[in-house]
Amino acid sequence: MAYEKLELLINGKWTQGTSDKSQDVINPATEEILGTLPHASVADLDAALASADKGFQTWRATSPLARQAIMDKAADLMEERKAAIAVNISRDMGKPANEASLEMDFVIGCLRWDAEQGKRAYGRIIPARIPGQRQMMIKEPVGPVAAFVAWNFPASNVMRKIGNALGAGCSIIMKADEETPSAAIAIARCFQDAGLPDGVLNLVFGVPAEISSYLLDSPIIKKLSFTGSTPVGMLLQAQAAKRMIRCTMELGGHAPVMIFDDADIAMAAKACAATKFRNAGQVCISPTRFYVQKGVYEEFAERFTQHTNEMVVGEGINDGVQIGPLIGARRLDVMQDLVDDAVSHGAELLTGGERLGNKGFFYKPTVLKDVPEEAKIMTDEPFGPIAPMSSFTDFDEVIERANKLEYGLASYAFTTNGNVANRLGDQINAGMFGVNHFGIATPETPFGGVNHSGYGSEGGEEGITAYQRVKFISKIGV
Ligand code: NAD
């Protein structure tokens, strides 16, 4: 099966762009070149901006029911093309093809939910102070959006933004990730083939900082949505501030998992290992700090390590593979540094701790025990297949350790004590908290962080609201 043809989408036309710049897209499992991705020129970005401006006028004037019909048709096409899209995600991103297929199911679910929710942009009638006066609040789409997303979920990071924007009635310029472009292009083709009006969705690639600076300097852009690391999010927010562009920021995380003595340890160890190594740990809500109460610490560590050793690492398109490569060679160096640093601080390496093979960017799934809080991995988001664990004595100790970082994206606990679960829910500094499971991302629920993990949820009612603005209208005499 051929890899996706790599193109830009500007004003409803697929194009190679007018710059003479491009970059190779690499398969991280084999290091082979999959294709050459064109970069947008300034003229291409100007065309995308003009087209998003025009597309916005068309789309906002399209009824929510008509919008839903097009979005649902695009979702149908994604269902039809899912298998091929998933294989190409596995090729350029590295994750197992069955994980990529589940990602596409999520994408389709988000799109259908946003299409439906777009019909519910309800306002409010507010009782007036003066007889004959009518006061109302209405919600409007905010305007053309500029969006930038990370490579780890090359389909769902893209759809979270497109679905919310289109559902709310906005147009969007998506700059998807250059290392993993196939899914964004395939998704955009589904929208085009479903009859989305020209300019409502534009897709560009290039040098990320150059594109974001250019787009955020344009008076056409009215909203920025970013999924990526905290430092880049802070930089983009500062740029957006110059034009008072509103932001949604989905940034990094370092999720604590608190496992209490009363938990079902066999279940917890299995769920923790399976979730930790999903997408080779390259997940913003990945469990990344395992705090285990003293009474069950040894048992948990043993069971977790056993599950880890059973994991099959390999090229994602092969049957049975559970862990693919990391996105690039640069991540291998980061993993090694985190492991070496933890060991130098006294941690015990239970398994893994080194690169696997010398072709492709594979790193062995790794378990570290007795990791002190001073080790870098307890503060730096690992974004890879390393599980650091440490024991705790009581509730007060663990909540303090869980809350000690500036991050606040996901958090988890395993306990059968409802009182403990409730107190944790009240006290944890995080945008999301899962108890006895990890399934905290669904199309219909708000997803997002606090503090350095960002703000502005995607998903659920809140996802669409972030792309709307409020207008108050007060009338007397009519
Ligand atoms: P990164 O911030 O370096 O890059 C993310 C994306 O932004 C990439 O496509 C990159 O090319 C692009 N980018 C970089 N600089 C840019 C700029 N100045 N302007 C516009 N785009 C720019 O992050 P990374 O390390 O490659 O990705 C992983 C990070 O993303 C992790 O911190 C992870 O937690 C976070 N993430 C968060 C979520 C969430 O929903 N909260 C989801 C996925 C990933």
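The values are calculated or read from the model by the stated rules, or taken from the named source; none is laboratory data. What you see is a predicted model, and the numbers here were worked out from it, not measured in a lab. Methodologically, a virtual Cβ is constructed for each residue, glycine included, from the backbone with ideal geometry; neighbour enumeration extends over all protein chains shown. Side chains included, ligands, DNA and RNA excluded: accessible areas come from the protein's heavy atoms. Shrake-Rupley method; radii C 1.70, N 1.55, O 1.52, S 1.80 Å.
Some observations on this one:
- Stretching Thr15 away from Ile476 to a fully extended chain increases their span by 160.7 nm, per 0.36 nm per residue minus the current alpha-carbon distance.
- Ranked by solvent-accessible area (1.4 Å probe, protein heavy atoms only, all chains present), the residues Trp14, Trp151, Trp59 order from largest to smallest as Trp14, Trp151, Trp59.
- Solvent-accessible surface (1.4 angstrom probe) belonging to Ile130, in square angstrom, nearest 10: 90 Å²
- Taking the square roots of five times each eigenvalue of the Cα gyration tensor of region 1-125, the equivalent ellipsoid has semi-axes of 30, 24, 11 Å, listed largest first.
- Over region 149-285: Kirkwood hydrodynamic radius from C-alpha pairwise inverse distances, Å: 16.9 Å
- In order along region 306-314, phi translates into HN-Hα couplings of 4, 4, 4, 5, 8, 5, 9, 9, x Hz, rounded to whole numbers, per the Karplus curve 6.51 cos²θ - 1.76 cosθ + 1.60 with θ = phi - 60° and x for Gly and Pro.
- For region 255-442, the fraction of 1.4 Å probe accessible surface lying on carbon and sulfur atoms is 45 percent.
- Relative contact order, whole percent, for the chain stands at 18, derived from Cα pairs under 8 Å and 6 or more residues apart.
- With all protein chains in place and ligands, DNA and RNA left out, the 1.4 Å accessible area ranks Val42, Val371 as Val42, Val371, largest first.
- MRE, 222 nm, helices only [DSSP H, n ≥ 4, -39500 (n - 2.57), over the chain, to nearest 500]: -12500 deg cm²/dmol
- Global form of the chain, assessed from the alpha-carbon gyration tensor, a/c cut-off 1.5: oblate
- Cut-off 19 Å, label 7 Å out along Cα→Cβ of Arg134, residues of region 440-478 by amide N: 471-478
- FRET E, pair Ala329, Asp193, Förster distance 56 Å, beta-carbon r, rounded to 0.05: 0.95
- Average accessible area per residue (Å²) across the chain - probe 1.4 Å, nucleic acids and ligands excluded: 39 Å²
- Loop sites in region 14-89: trypsin sites (Lys or Arg not before Pro), DSSP, at most 16 other Cβ within 10 Å: Lys21
- Taking all Cα-Cα distances within region 361-440, those exceeding 21 Å account for 33%.
- Hydrodynamic radius by Kirkwood, which averages 1/r over all alpha carbon pairs of region 255-442, in angstrom: 16.5 Å
- Violating pairs (Cα-Cα greater than 24 angstrom) within the set Lys270/Lys376; Lys364/Lys404; Lys21/Lys175: Lys270/Lys376; Lys364/Lys404
- Rolling a 1.4 Å probe across all protein chains gives His39 an accessible area of roughly 20 Å².
- Placing unit charges on the Cβ atoms only, positive for Lys and Arg and negative for Asp and Glu, gives the chain a dipole magnitude near 2420 debye about its Cα centre.
- Projecting label points 7 angstrom from Cα along Cα→Cβ for Asp72 and Glu354 puts them 5.7 nm apart.
- Derived scalar couplings between HN and Hα for region 105-118 equal 4, 5, 4, 5, x, 5, 4, 5, 5, 5, 4, 6, 5, x Hz in order, rounded to whole Hz, by the Karplus curve 6.51 cos²θ - 1.76 cosθ + 1.60 (θ = phi - 60°), x for Gly and Pro.
- The calculated FRET efficiency for Met234 paired with Gln336, based on their beta-carbon distance and R0 = 41 Å, is about 0.90.
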